[in-house]
Amino acid sequence: MTDTQTHQPTQTQTQTMRHDGGGREVDVDVVVVGAGIAGLYLMKRLRDLGVGARAFETGDDVGGTWYWNRYPGARCDVESIDYQYSWDPELAEEWTWSERYATQPEILRYVNHVADKHDLRRDVTFETRIVDARWDDATSKWTIRTEPADGGPLETLTCRWYVMATGCLSAPKDPEIEGSDAFEGEVYVTGRWPHEGVDFTGKRVGVIGTGSSAIQSIPLIADEADEMVVFQRTPNFSLPARNGPPRPEKVERFEQADDYREEARWSSAGVPRDMPELGAMMVDEDTRRARYEQAWQEGTIFSLTGAYNDLFLNPESNATAAEFVRSKIRSKVDDPETAEILCPTTFPIGTKRLCLDTNYYETFNRGHVSLVDLRAEPIQRITATGVEVGAGDGASESRSFEFDAIVFATGFDAMTGAIVRVDIEGRDGLSLREKWAAGPQTYLGLMTEGFPNLFMVTGPQSPSVLSNMAVSIEQHVEWITDTIERLREDGHDVIEPTELAERAWVQHNDDFAGITLFTQANSWYMGANVAGKARAVLPYIGGVDRYRQTCVDVVEAD
Ligand code: FAD
Ligand code: NAP
């Protein structure tokens, strides 16, 4: 279902790496943006295929998500045995995870180990941002401009294939709060945490947001702070992580690593697990409660919403799981009023990303921690000394909080943010930003019509954030690099989806989403967390297995 045009065969790596007088490459076969787990695997595969490639990364080292998100408590929420590379089988022998859910430093050490082992840094230009990319029909190439972090002059290079491995959750969103620049104390953003760490000892700290990043960091910041105020707009459902050593039963299953991984690749979320056969309303209340209790004890993001097969489809079924978690929140939080404020009621459980925590709800039982319900008292502004809240209607009092430090745990312009922050111009001057103004339109989340030879790793309308991303990233990297190799072998210089294929894929996405409860939440999955962003279902909801089969079928159908 892709349109290919035949041009001269692409030359080999050594022939196409052209340099300017200063020895810099000015023309490469492939430009990759990003050196997270996707960008690194791309560079390894392209090198193995003998394709000339260069990656560019804003940060000064590898790791992507695990380079930027160094806030206290940052760790994965997919078990580390699942959340790792599978393409180098030796890694499973060389690397033993110390915990079921490894911390950010351990994951970053792992990514560094892989980069060292395969000498991947030499193909990456760090501290350099891709600013814009323009397609040239006459040469069938992209012209890319890069900006060094030191503010030096922009540099230009050309490439045949342009791959955005820019991450689904890499562009922190504007907090969208009046005066957010006004605070004169310490300001921290979870997704851009200082490398040297932060000592909150003896400080008065305000945390804005109660998503996964906040829920992981709040208990640890509270350990140090003298006083802590959490500003919550929408409460989230969080389940206990039950972290500890890797689970013995999982370690045992993983001994047959090849089989285990093949099962993961063909599972619905990129993690092998048993799929439920029953709907929640097909059993009696006691049975249901016992099943939810078992899921609660398991400590994974998949267990509870995977307990019955209709929890994302049937509001009545979903409500039983949501009420189960609310009952747990009430049992953990001493003050009934605080417990009620922490109970999510405005969206079906699972339609916003579930959180995993260690002592999150219990933190609100500590004397120096308090919660402000922004639905009752919205933030009016951030001032030089703190945060002002109140209805702002003159009818109720406003309140001011003074802080030494404010932590913005306000999330990301997810899935499309990092892509459209680059000014991308395709065929006939078409702007990607404009094309996607009403929501992303892609073919398989891999390509978009009007932008030939541009690939996205875990792009919108692919399973991406609804899956174990390690599995989804590898599938995309392999599909993209196999495609580039095939095009080169067959002497094609251009690949682009047809408008019809793209429309059908977008429609299929919308149809799938429409039969689920996901559209009922104002979530970042729906683009609803960023002011002015079009409301659209961003990830593909049909599952990793179904999606993978579609990608295989497309290739087989030539
Ligand atoms: P990223 O790791 O985001 O890397 C993209 C890189 O591109 C970044 O380093 C960025 O600096 C660079 N970049 C972007 N734009 C430009 C530009 N214009 N020029 C140059 N460089 C650019 N997923 C899971 O499956 N399981 C988990 O447990 C999990 N935990 C997470 C925890 C946190 C705190 C966050 C934020 C996300 C988590 N995710 C998790 C999702 C996670 O983002 C992916 O699993 C994965 O790390 C993404 O890798 P990536 O290489 O695709 O993108
Ligand atoms: P998030 O889930 O989008 O949470 C952002 C929080 O900030 C929300 O509570 C949001 O409230 C609040 N917020 C945003 N703007 C605000 C404003 N102007 N005023 C008041 N509150 C505001 O972001 P995140 O916590 O960084 O997590 C994003 C995703 O990254 C996660 O869903 C997950 O996929 C991934 N992640 C994973 C882990 C992990 O456990 N491995 C950890 C961190 C992140 P509203 O809900 O009302 O918008």
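The values are calculated or read from the model by the stated rules, or taken from the named source; none is laboratory data. Please read these numbers as outputs of a predicted model, since none were measured by experiment. Every residue, glycine among them, receives a Cβ derived from its backbone with ideal geometry; neighbour counts consider all protein chains shown.
Run down E502, E489, E485, E496 and say which single residue is under 24 Å from D137 (Cβ atoms), touching a Leu at 6+ places or on another chain (Cβ under 6 Å) and more than 16 Å from ligand 2 (Cβ to nearest atom).
Within the list E502, E489, E485, E496, the selection yields E485.
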**OP:** Go through (1) within 16 Å of ligand 1 (Cβ to nearest atom); (2) of a type in the set (K, R); (3) out of contact with any Phe, Trp or Tyr (no Cβ under 7 Å at 6 or more places or on another chain) and name the single condition R160 misses.
**Re:** (1)
Subject >> Matching residues, segment 223-257, being over 23 Å from K328 (Cβ atoms), within 16 Å of ligand 1 (Cβ to nearest atom) and outside any helix (DSSP H, G or I) >> reply: P246
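Just to be sure, is P153 surrounded by fewer than 14 Cβ atoms within 10 Å (Cβ to Cβ), free of Cβ contacts under 8 Å to residues at least 60 places away in the same chain, within 16 Å of ligand 2 (Cβ to nearest atom) and not aromatic (F, W, Y)?
On the way: surrounded by fewer than 14 Cβ atoms within 10 Å (Cβ to Cβ): yes; free of Cβ contacts under 8 Å to residues at least 60 places away in the same chain: yes; within 16 Å of ligand 2 (Cβ to nearest atom): no; not aromatic (F, W, Y): yes.
Criteria not met by P153.
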Original post:
Can you tell me which residue in segment 69-110 is farthest from I37 (Cα to Cα), limited to those that are near ligand 1 (Cβ under 10 Å from one of its atoms) and among the hydroxyl-bearing types (S, T, Y)?
Top reply: Y71
Original post:
Pick from segment 21-71 the residues that are farther than 20 Å from T483 by Cα and aromatic (F, W, Y): which of them is farthest from ligand 2 (Cβ to nearest atom)?
Top reply: F56
**OP:** Search segment 435-465 for residues being within 16 Å of ligand 1 (Cβ to nearest atom) and touching a Lys or Arg at 6+ places or on another chain (Cβ under 9 Å), and hand back the single one that is farthest from Y85 (Cα to Cα).
**Re:** F451
Original post:
Hey, any hits in segment 510-520 for a residue that's of a type in the set (F, W, Y) and either more than 28 Å from R353 (Cβ to Cβ) or modelled with pLDDT under 95 (or both)?
Top reply: yes
**OP:** Report yes if some residue within segment 319-335 is loosely packed, with under 15 Cβ neighbours inside 10 Å, modelled with pLDDT of 95 or more and not in a helix (DSSP H, G or I); otherwise report no.
**Re:** yes
Subject >> helices (runs of 4 or more DSSP H) lying entirely in segment 1-72 (those with 1 or more residues that are at pLDDT below 95) >> reply: 13-16
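So in segment 499-534, with the set limited to residues that are in contact with an Asp or Glu (Cβ under 6 Å, 6 or more places away or on another chain) and assigned to a helix (DSSP H, G or I), which one is surrounded by the fewest Cβ atoms within 10 Å (Cβ to Cβ)? Quick ask: steps written out before the conclusion?
In the first step, residues of segment 499-534 are kept if they are in contact with an Asp or Glu (Cβ under 6 Å, 6 or more places away or on another chain); the result is 499, 502, 530-531.
Now drop any that are not assigned to a helix (DSSP H, G or I), which leaves 499, 502.
Working: E499: 13, E502: 21.
That would be E499.
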Subject >> Single match in D258, D174, D199 (criterion: within 16 Å of ligand 2 (Cβ to nearest atom) and either surrounded by fewer than 17 Cβ atoms within 10 Å (Cβ to Cβ) or without any contact (Cβ under 8 Å) to a residue 24 or more places away in the chain (or both)) >> reply: D174
Subject >> Contacts under 9 angstrom Cβ, first residue in segment 273-291 being more than 16 Å from P315 (Cα to Cα), partner among the hydrophobic types (A, V, I, L, M, F, W, C) and in a helix (DSSP H, G or I), 6 or more apart >> reply: R289/F324; R291/A280
**OP:** Determine, yes or no, whether D423 is more than 13 Å from L538 (Cβ to Cβ), within 13 Å of ligand 1 (Cβ to nearest atom) and acidic (D, E).
**Re:** yes
Original post:
With respect to M469, is the statement that it is without any contact (Cβ under 8 Å) to a residue 60 or more places away in the chain and within 16 Å of ligand 2 (Cβ to nearest atom) true?
Top reply: no
Subject >> Residue count for segment 234-263, restricted to those that are under 28 Å from G73 (Cα atoms) and aromatic (F, W, Y) >> reply: 2
Original post:
Among (1) of a type in the set (S, T, N, Q); (2) within 16 Å of ligand 1 (Cβ to nearest atom); (3) within 29 Å of A55 (Cα to Cα), which single condition is S523 missing?
Top reply: (3)
Subject >> Subset of segment 369-394 [out of contact with any strand residue (DSSP E or B) (no Cβ under 8 Å at 6 or more places or on another chain) and more than 16 Å from ligand 2 (Cβ to nearest atom)] >> reply: A384, D393, G394
Original post:
Name the residues in segment 395-438 that are within 16 Å of ligand 2 (Cβ to nearest atom), of a type in the set (A, V, I, L, M) and over 24 Å from A222 (Cβ atoms), would you?
Top reply: A414, M415, A418
**OP:** Enumerate the strands (runs of 3 or more DSSP E) found wholly within segment 349-439, keeping only those where 1 or more residues are in contact with a Phe, Trp or Tyr (Cβ under 9 Å, 6 or more places away or on another chain) and within 30 Å of A280 (Cα to Cα).
**Re:** 355-357
